[in-house]
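Enquirer: Dropping the structure in here first, questions after.
The values are calculated or read from the model by the stated rules, or taken from the named source; none is laboratory data. The structure displayed is predicted, hence computed values, not measured ones. Note: ideal-geometry Cβ built from the backbone for every residue, glycine included; neighbour counts use all protein chains shown.
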Amino acid sequence: MNCQEALDLLYEIIDKEASQIDTQEVQKHLDCCQDCLKKFQLEESLQALVKEKLKAISDIPRIDHLKAKVLSKLEQIDVTYFRPSEKATPFRIPSVALAAAASFIILIGAAFWGKGLYNHYTDYIPIERAHWAAAKNVDGFSDAQKTAAVLAGIGSNLGLNLAHDFKGLSLRGGQSEEIKGVNMAHFVYGNGQETVSVFVLPANAFTLPEDLMQTKVYLNGHCYLSHNCRGCWLVFHEEGKAMIITATTNHAFGLTEFNPASNII
Amino acid sequence: MAEPTTTIGEKRKSFEAEALPHMNALYRTALRMTKNVNDAEDLVQEAFVKAFRFWEKFQLGSNARAWLFKIMTNVFINEYRSKSRSPMSVNVDDLDDNFLYGQLATTSPGDNPEKQLFAKILDDDVKKAIEKLPEDFRLVVVLSFIEGFSYQEIAEIADLQLGTVKSRLHRGRKLLQKELLDYAVKNGFIKDTAK
């Protein structure tokens with residue numbers, strides 16, 4: 001194991017989340033590498049310090065009044081609880097079902113959910129749906145002629161080139177779709193396991209809502225906005241005249257690093 | 001799962017025995033997330049009310065603490081997040097993995113460069129640094145650091161993929177380190193060599 005490999009596992013080791021084999025390998029490396037050992041020790045002691053300070057500020061002196069408040073609220077619920085129409089959310093719902101259920105609930109009015117339930121959620125459901133549909137049926141999606149035409153289209157309209165292979169994924173197909181009233185070029189990249197949808201559209205045809213701005217991240221000179229739609233991970237960013245939206249259902253996939261577009265203007 | 005015939009009294013009893021003992025833990029996380037006592041109390045109350053309504057769905061014997069945190073996290077994301085949100089951008093470009101080490105090594109050479117820095121940092125400084133983290137990062141940092149949840153548990157609580165939990169925890173830590181270091185530089189605990 002070299003230094004980089006050891007450092008990549010640093011936090012997993014500190015958090016005791018690394019596998020036994022990894023832990024042993026890292027230990028072996030640390031036994032003979034002073035530099036890495038120091039880095040590990042520094043991170044470990046910083047972690048310990050932060051945890052200790054956090055614990056200190058997290059000791060809650062009085063919570064009795066809160067307990068009393070909760071108990072009195074429960075009293076009120078007792079009376080009304082056992083109505084046959086009452087619905088409850090189970091602990092684990094697959095995110096696919098949740099995404100589908102969400103649109104349904106919103107349609108019927110969301111009365112029992114009260115004020116919550118992801119206002120911005122509805123905004124991107126069409127994009128999620130398009131991604132799911134394409135990911136589910138990649139073969140049905142790929143049509144060489146269509147793909148070439150769509151590629152040429154964004155090339156001339158928005159001045160963008162799209163790479164055919166990127167991050168180990170290759171372009172499987174592309175077509176034009178009208179989503180949210182905007183004509184988008186929808187491309188799918190895949191490697192047989194992962195699929196990433198790339199939507200390209202004119203930047204001026206698409207406004208990003210305020211609530212996304214909090215998730216702004218700058219990477220490699222680009223500004224990214226990422227948005228988790230529960231089940232679908234969306235990343236928005238502007239590239240010249242184009243807005244690019246990437247979507248994946250595998251959150252482990254680093255979407256901010258997935259930008260197969262290169263500006264040719 | 002509780003039988004449908006369970007009386008309200010029995011339901012109350014099992015809820016009070018299984019769920020209420022976790023209130024302290026939920027409250028301290030609520031405090032870090034909402035950053036104020038009133039919102040934290042409201043959040044905890046709402047989470048418990050919701051948990052009670054859904055108590056039949058909870059599998060007795062499974063992890064009540066994680067289940068309650070999941071409910072509270074949902075309530076927080078749905079109802080509290082947008083209220084207090086202010087646009088904030090995070091620049092993680094300049095935070096490479098060795099950044100803290102490099103800083104400390106150059107500012108205070110010696111066997112334990114971190115010792116003199118750490119000795120001067122106060123509880124309150126850490127609190128401020130944590131509260132400055134963007135919510136998405138703060139949530140995973142708090143769940144991991146304060147509550148000691150595993151990556152997998154955090155993934156379920158916050159409805160994230162494991163890889164996202166890891167990367168947010170990683171970035172959260174880097175941002176936290178940067179905050180603490182900036183603070184130390186500002187207060188003259190260590191010299192600023194970054195410029």
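Enquirer: Restricting region A:1-27 to residues that are more than 14 Å from B:H170 (Cβ to Cβ) and acidic (D, E), which is farthest from the other protein chains (Cβ to nearest Cβ)?
Expert: Taking the candidates together, the pick is A:E25.
Enquirer: While we're here: Can you find even one residue in region A:8-30 that is modelled with pLDDT of 85 or more, in a loop (DSSP other than H, G, I, E, B) and among the basic types (K, R)?
Expert: yes
Enquirer: Further, regarding this structure: Provide a single number: the residues in region A:145-174 that are free of Cβ contacts under 8 Å to residues at least 12 places away in the same chain and part of a helix (DSSP H, G or I).
Expert: 5
Enquirer: Also: List, please: which pairs have Cβ atoms under 6 Å, are six or more places apart or on different chains, and start with a residue in region B:28-46 that is touching a residue at least 24 places away in the same chain (Cβ under 8 Å) and end with one that is not in a helix (DSSP H, G or I)?
Expert: Matching pairs, first to second residue: B:R28/A:I60.
Yes/no per residue for (1) touching a strand residue (DSSP E or B) at 6+ places or on another chain (Cβ under 8 Å); (2) modelled with pLDDT of 70 or more; (3) surrounded by fewer than 20 Cβ atoms within 10 Å (Cβ to Cβ); (4) of a type outside the set (G, A, S):
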{"site": "B:G102", "(1), (2), (3), (4)": "no, no, yes, no"}
{"site": "B:T107", "(1), (2), (3), (4)": "no, no, yes, yes"}
{"site": "B:P134", "(1), (2), (3), (4)": "yes, yes, yes, yes"}
{"site": "B:E179", "(1), (2), (3), (4)": "no, yes, yes, yes"}
{"site": "B:K186", "(1), (2), (3), (4)": "no, yes, yes, yes"}
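Enquirer: Also: Going by the structure shown, is A:L71 modelled with pLDDT of 80 or more, over 25 Å from B:F145 (Cβ atoms) and either of a type outside the set (S, T, Y) or buried (at least 16 other Cβ atoms within 10 Å of the Cβ) (or both)?
Expert: Yes.
Enquirer: Within region A:189-206, can you find the residues that are outside any strand (DSSP E or B) and of a type in the set (F, W, Y)?
Expert: Of everything in region A:189-206, just one residue is outside any strand (DSSP E or B) and of a type in the set (F, W, Y), namely A:F206.
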